[in-house]
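One structure below.
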2 protein chains.
Amino acid sequence: MSEKTNQDLERLRDQIDAVDQQLISLLRQRLDLVAQVGAVKHQAGLPIYAPQREASMLAKRRGEAKELGIAPQLVEDILRRLMRESYINEKDVGFKQINPTPRPVVIVGGRGQLGGLFNQMLTLSGYRVELLDQQDWDRAEEIVSEAQLVIVSVPIAVTEEVIKRLPKLPDDCILADLTSIKQKPLQAMLDTHSGPVVGLHPMFGPDVGSLAKQLVVVCNGRDADNYQWLLEQIKIWGARIVDAQAKQHDDAMQLVQAMRHFSTFVYGYNLYKENANLDTLLQFSSPIYRLELAMVGRLFAQDAKLYADIIFAQEHSHDAIADYLKRYQEALTLLNSGDRQGFIDTFDEVAQWFGDFAGQFQRESRNMLKSANDSRQ
Amino acid sequence: MSEKTNQDLERLRDQIDAVDQQLISLLRQRLDLVAQVGAVKHQAGLPIYAPQREASMLAKRRGEAKELGIAPQLVEDILRRLMRESYINEKDVGFKQINPTPRPVVIVGGRGQLGGLFNQMLTLSGYRVELLDQQDWDRAEEIVSEAQLVIVSVPIAVTEEVIKRLPKLPDDCILADLTSIKQKPLQAMLDTHSGPVVGLHPMFGPDVGSLAKQLVVVCNGRDADNYQWLLEQIKIWGARIVDAQAKQHDDAMQLVQAMRHFSTFVYGYNLYKENANLDTLLQFSSPIYRLELAMVGRLFAQDAKLYADIIFAQEHSHDAIADYLKRYQEALTLLNSGDRQGFIDTFDEVAQWFGDFAGQFQRESRNMLKSANDSRQ
């Protein structure tokens with residue numbers, strides 16, 4: 001590199017440094033302002049996530065970016081990332097308490113990860129939370145005696161059993177669970193308790209920094225009017241509520257959860273059996289393969305029991321998993337007989353069935369893959 | 001909402017608007033400065049992607065963020081997104097031409113997507129590019145007569161055939177291909193041409209906005225010294241070069257490509273056969289399921305022939321695909337016999353085999369999933 005080139009680059013980099021320092025200081029200002037918005041909302045008991053406000057703000061910014069010749073998507077991506085940070089910071093302010101009463105919320109299994117998250121969110125909203133774990137069981141009756149709400153958050157395999165073992169709850173107490181299947185736990189809760197009952201499935205892991213934009217599926221058990229405040233509270237945390245029938249929910253979960261986990265498990269198992277060299281695979285990985293490998297590998301960083309529970313809990317999922325095997329065999333037959341045209345025809349049939357979703361998924365994943373490439377070292 | 005709350009929110013939102021306008025104007029300044037860096041680099045013939053400079057700049061910014069009480073990851077994510085934009089904009093400046101000669105580069109199949117991308121990159125680097133497509137075949141001899149480089153970019157299924165049909169090239173002309181398998185095309189090129197030969201596998205799709213940080217696998221055929229300038233040129237575009245043996249490359253591709261595509265295909269086929277309701281599935285989808293559905297759906301937005309080619313091209317991939325079926329059956333046996341402990345033991349075995357990669361993949365995908373959640377409407 002020539003001296004001149006070197007000097008030019010140094011000068012420009014100094015200028016970039018200066019711009020970046022202003023940028024960081026603006027980020028600080030924006031986070032502070034949004035925190036103030038959060039405090040005002042907290043006072044007024046407004047939900048932290050306001051989809052319409054967010055959409056109109058983004059539309060305005062995209063327009064402003066365009067005027068300056070900046071790609072609107074760049075500004076949108078940066079603002080969305082900033083909003084995520086603000087949502088995480090909301091926790092520092094706490095949340096409005098929708099149902100202020102001194103009666104405690106009891107979390108059965110509150111020392112688990114998901115129970116811990118609900119403990120945190122409820123505490124930040126001013127509720128008195130008590131935990132009921134295995135070691136506390138001899139005091140169970142006393143712990144639930146004043147409860148306004150009991151949330152069961154234990155492994156699927158023992159959910160029904162734990163619900164059945166619960167001592168008698170106050171008549172007006174809400175009984176809820178957080179299990180990822182809903183029919184059986186809901187029935188068990190209705191059998192055990194005569195008061196308000198609701199099944200919840202938080203569609204996120206315990207490691208989300210914020211509940212903003214996350215989904216909670218709600219299956220009504222009994223006395224919906226009496227547990228409305230709990231749903232309002234969850235909305236205050238930023239989550240979206242989706243009502244569902246327990247059976248409809250469980251059927252969908254077979255496909256998106258049990259079966260997907262199972263085939264991901266088999267994929268990892270197969271890599272192990274083939275004794276694949278992960279270093280080499282990663283070396284040859286485009287962003288999409290790397291992402292797919294990551295989705296497989298992440299499963300094995302987690303608790304085997306959790307996945308065993310999810311996969312073994314639903315009898316019907318075995319059928320779905322066996323169906324998949326049948327289809328795999330059919331497709332392999334096409335391959336082994338060299339029936340390229342048959343493969344293409346089937347492919348096109350499936351593509352037609354996906355319809356507009358295929359294009360939508362491609363657009364969505366394209367942005368995702370670009371973002372995956374950003375982080376490459 | 002009270003009048004007071006409303007006023008407070010309005011005032012804060014006006015302030016946020018003002019900060020955002022400054023932010024957008026700073027983004028414009030930064031993009032301009034980086035474009036100037038690009039111009040200086042272009043003059044000096046330096047590659048646009050400088051990993052070390054990038055890493056040290058990010059480390060500095062993370063430190064500055066920390067001092068202001070901002071999460072370092074926030075600043076890093078925003079800067080990485082900005083850098084992506086700058087890389088895309090690099091194209092406006094053009095690239096240094098490593099091998100300035102008036103002799104043309106010929107792209108066989110240059111009207112295809114990937115051929116088109118190489119056409120664009122080479123043209124932006126000052127090369128004269130000529131296309132040789134099916135309809136030009138009667139002029140093929142004339143088109144290649146002065147070529148310094150011939151790049152074959154046609155569907156896998158016809159790559160070997162097209163290579164064999166090529167007219168005689170100038171002795172010192174480089175013959176290269178862009179196919180995603182390497183052994184057979186490389187052998188065909190060596191058989192056809194006595195000059196420099198190199199097999200390239202660009203590990204990215206034609207829709208990447210920039211080659212920065214992307215990967216190109218290089219398999220040597222013959223006379224490596226004589227095609228070095230081509231590799232240097234690719235590095236100028238920002239891509240990383242990975243040397244590989246053709247067999248080693250093809251073996252890895254069986255696992256990460258043929259097999260992965262095949263099982264993704266079967267997954268989509270199965271959803272179709274189960275007549276899953278995609279609307280309902282999406283409604284119940286956490287970020288991770290949505291991402292996985294998107295990875296399946298995106299396949300079917302693409303050309304069936306492309307995937308048929310990739311999957312049918314490699315005989316050995318059939319073995320890998322059949323192996324996967326065997327493992328699926330083994331795992332299904334565990335499930336059908338209710339052998340929860342057997343499942344857990346196998347899971348733990350695989351987890352141990354993944355070793356540190358599992359945790360690494362979990363961290364990587366966590367950030368990805370958070371970013372997927374950012375875009376939720």
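Since every read-out is calculated from the coordinates, none of them should be taken as a lab result. What you see is a predicted model, and the numbers here were worked out from it, not measured in a lab. For neighbour counting, all protein chains shown are included, and Cβ atoms are generated from backbone atoms with ideal geometry for every residue, glycine included.
Flag: residue B:21 matches the condition of being polar (S, T, N, Q) and facing chain A (nearest Cβ under 10 Å).
When B:75, B:106 are checked against the criterion of being at the interface with chain A (Cβ under 7 Å from one of its Cβ atoms) and either touching a strand residue (DSSP E or B) at 6+ places or on another chain (Cβ under 9 Å) or surrounded by 14 or more Cβ atoms within 10 Å (Cβ to Cβ) (or both), a single residue qualifies: B:75. The listed residues are A:185, A:206, A:196, and the only one of them that is within 14 Å of another protein chain (Cβ to nearest Cβ), on the phi < 0 side of the Ramachandran plot and touching a helix residue (DSSP H, G or I) at 6+ places or on another chain (Cβ under 6 Å) turns out to be A:206. Selection of first residues in region B:50-65 that are more than 8 Å from chain A (Cβ to nearest Cβ) and of second residues that are of a type outside the set (Asp, Glu), restricted to Cβ pairs under 6 Å at least 6 apart or on distinct chains, gives the following pairs, ordered by first then second residue: B:62/B:72. Only one of the numbered conditions (1) part of a helix (DSSP H, G or I); (2) surrounded by fewer than 16 Cβ atoms within 10 Å (Cβ to Cβ) is not met by residue B:117, and that is (2). Yes or no: region B:24-42 includes at least one residue that is over 15 Å from residue A:15 (Cβ atoms), surrounded by 15 or more Cβ atoms within 10 Å (Cβ to Cβ), within 27 Å of the chain's Cα centre (by Cα) and without any contact (Cβ under 8 Å) to a residue 60 or more places away in the chain. Yes.
Any chance you could count how many residues in region B:24-49 are among the basic types (Lys, Arg) and either touching a Phe, Trp or Tyr at 6+ places or on another chain (Cβ under 6 Å) or facing chain A (nearest Cβ under 7 Å) (or both)? The qualifying residues number 2. In the set (1) surrounded by fewer than 18 Cβ atoms within 10 Å (Cβ to Cβ); (2) within 14 Å of chain B (Cβ to nearest Cβ); (3) not charged (D, E, K, R), residue A:167 fails one condition alone, (2).
For region B:179-199, give me the residue count where each residue is part of a strand (DSSP E or B) and within 18 Å of residue A:280 (Cβ to Cβ). The total comes to 1.
Within region B:133-151, at least one residue is hydroxyl-bearing (Ser, Thr, Tyr), farther than 30 Å from residue B:43 by Cα and outside any helix (DSSP H, G or I).
Scan region A:207-262 for residues that are more than 28 Å from residue B:272 (Cα to Cα) and not in a strand (DSSP E or B) and the total you get is 24. Condition check for residue B:234 on (1) under 24 Å from residue B:91 (Cβ atoms); (2) among the hydrophobic types (A, V, I, L, M, F, W, C); (3) touching a Lys or Arg at 6+ places or on another chain (Cβ under 7 Å); (4) surrounded by 21 or more Cβ atoms within 10 Å (Cβ to Cβ): one failure, at (3).
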